[in-house]
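A short write-up of the structure that comes next.
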Amino acid sequence: MSCDEAINAAFGEILPLFPNVYTGEELTYLVYNYYVIPEVYASSVSHASRYSIQLHLYLPHKENPNAIKLAIINACIGGGFTYPSMTNASDKDGQHYVFEFEYCNGGGVYAQT
Amino acid sequence: MPRLDLSGFEELAAAFDKISNVPEDVQMKALTEMEEVAAAEIRKSGEAYGVRDPESPVHVLDSIKVNKPKKTDSGGYADVTFSGSRTRSGKQVRQAEIAFINEYGKKNQQARPFVGEAMNKNAEAIAKAGAEVILDWTENNF
């Protein structure tokens, strides 16, 4: 399964989910981005890819984020990702929590992305 | 009948002895070398992500500071920081805050995790820079 497929399968039912950036009208949503590190080299060819993922939860200040945070952590565990760390990046525009975790698949960077 | 052998414990113990004798100034030098590599890679990663704002005279990538390592009971540590601040729309903003917003993004602004990616992709090179200082000392002193 590609990284995007895995992310959509795990988190797509929690909230509206968008890659990279979202500029629409939703107030509570998820955004993800990742970079890829090639691993498991043989004859100078990568045979696995490690994805370092940021999943951003945005919601208004008035909302309680706890149930969504828990759903994200559970989806990480159930979706084959590493356990996430979380950074609170909230500002005057709203709550913003950044979950960081990893995903791995075989076949190398060019076969799976 | 299969036979299992274990050997090399004396060499292993001798290697630990060598490491335990590495003086403080060599440990601090190793940390500084690691910091230098980390700072250069963070700067390079920031350039690749387009973190540099060409209109700003005092830029976040030019504020990356390699600090003097500090000793602890178990060894030491060193911080690579974003120092100083700059004026933005008439308001004073810390460079560390600008780096944070780039790293994690904000509403309507995509994250550019230039620090995390630099550290993640170059962990081996950063460790190697410190290891070379330690190995150089052990080879010249034993």
### Message
Please compute, for peptide B:100-108, the average count of beta-carbon atoms on other protein chains lying within 10 Å of each residue's beta-carbon.
### Response
6
### Message
Take the residue pairs B:LYS65/B:LYS107; B:LYS29/B:LYS107; B:LYS91/B:LYS121; A:LYS69/B:LYS71; A:LYS92/B:LYS128; B:LYS44/B:LYS106 and return only those whose Cα atoms are more than 31 Å apart.
### Response
B:LYS29/B:LYS107; B:LYS91/B:LYS121; A:LYS69/B:LYS71; A:LYS92/B:LYS128
### Task
Specify, per residue and in Å³, the volume enclosed by the convex hull of the alpha carbon atoms belonging to segment A:3-106.
101 Å³
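Relative contact order for chain B using alpha-carbon pairs under 8 Å, separation at least 6, rounded to a whole percent? Intermediate values should be presented prior to the final figure.
Details: 160 pairs, mean separation 43.0, N = 142.
Relative contact order, chain B: 30 percent.
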### Under-5 Å amide H pairs with A:PHE18, H placed in peptide plane, nonlocal only
A:LEU30, A:VAL31, A:TYR32
#### Entry: Expected 222 nm ellipticity per residue - DSSP helices of 4 or more, -39500 (n - 2.57), all of chain B, to 500
-17500 deg cm²/dmol
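For the protein assembly as shown, with only Lys/Arg (+1) and Asp/Glu (-1) charged at the beta-carbon, what is the dipole magnitude about the Cα centre, in debye rounded to 20? Before the final figure, lay out each step's value.
Values: 23 positive and 34 negative charges, 174 e Å.
That gives a dipole near 840 debye.
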### Message
Give the average, rounded to an integer, of partner chain Cβ atoms located within 10 angstrom of each Cβ in A:31-42.
### Response
2
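Can you figure out the FRET efficiency of B:LYS18 with B:LYS68, using R₀ = 41 Å and their beta-carbon distance, to the nearest 0.05? Could the numbers behind the result be given before it?
Working: r = 26 Å, r/R0 = 0.63.
The formula returns an efficiency of 0.95 here.
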### Average beta carbon contacts from partner chains per residue of A:84-90, 10 Å cutoff
2
### Query
In chain B, which helices (entire DSSP H runs) extend 20 Å or more along their own long axis, judged by Cα positions, while averaging at least 1.0 on the Kyte-Doolittle scale?
none
### Summary
Computed for A with B: buried accessible area summed over both chains, 1.4 Å probe, rounded to 100 Å², at 1500 Å²
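Run the dipole for chain A about the Cα centre, Lys and Arg Cβ at +1, Asp and Glu Cβ at -1, nothing else charged, and hand back the magnitude in debye, nearest 20. Let's see the in-between values first.
Values: 4 positive and 11 negative charges, 41 e Å.
My answer is approximately 200 debye.
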### Query
Which one of B:ASN67, B:GLY50, B:ALA78 is farthest out on the positive end of the charge dipole of chain B, using unit charges on Cβ (Lys, Arg +1; Asp, Glu -1) and the Cα centre as origin?
B:GLY50
### Summary
Of the residues B:SER7, B:GLN27, B:ALA40, the Cα lying farthest along the dipole of segment B:1-42 towards its positive end, which is defined by charges on the beta carbon of Lys, Arg, Asp and Glu, belongs to B:SER7
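The values are calculated or read from the model by the stated rules, or taken from the named source; none is laboratory data. Quick caveat, the model's predicted, so the values are computed rather than measured. Neighbour counts run over all protein chains shown; Cβ positions are idealised from the backbone, glycine included. Surface areas here come from the heavy atoms of the whole protein model, side chains and all, with no ligands, DNA or RNA. Shrake-Rupley method; radii C 1.70, N 1.55, O 1.52, S 1.80 Å.
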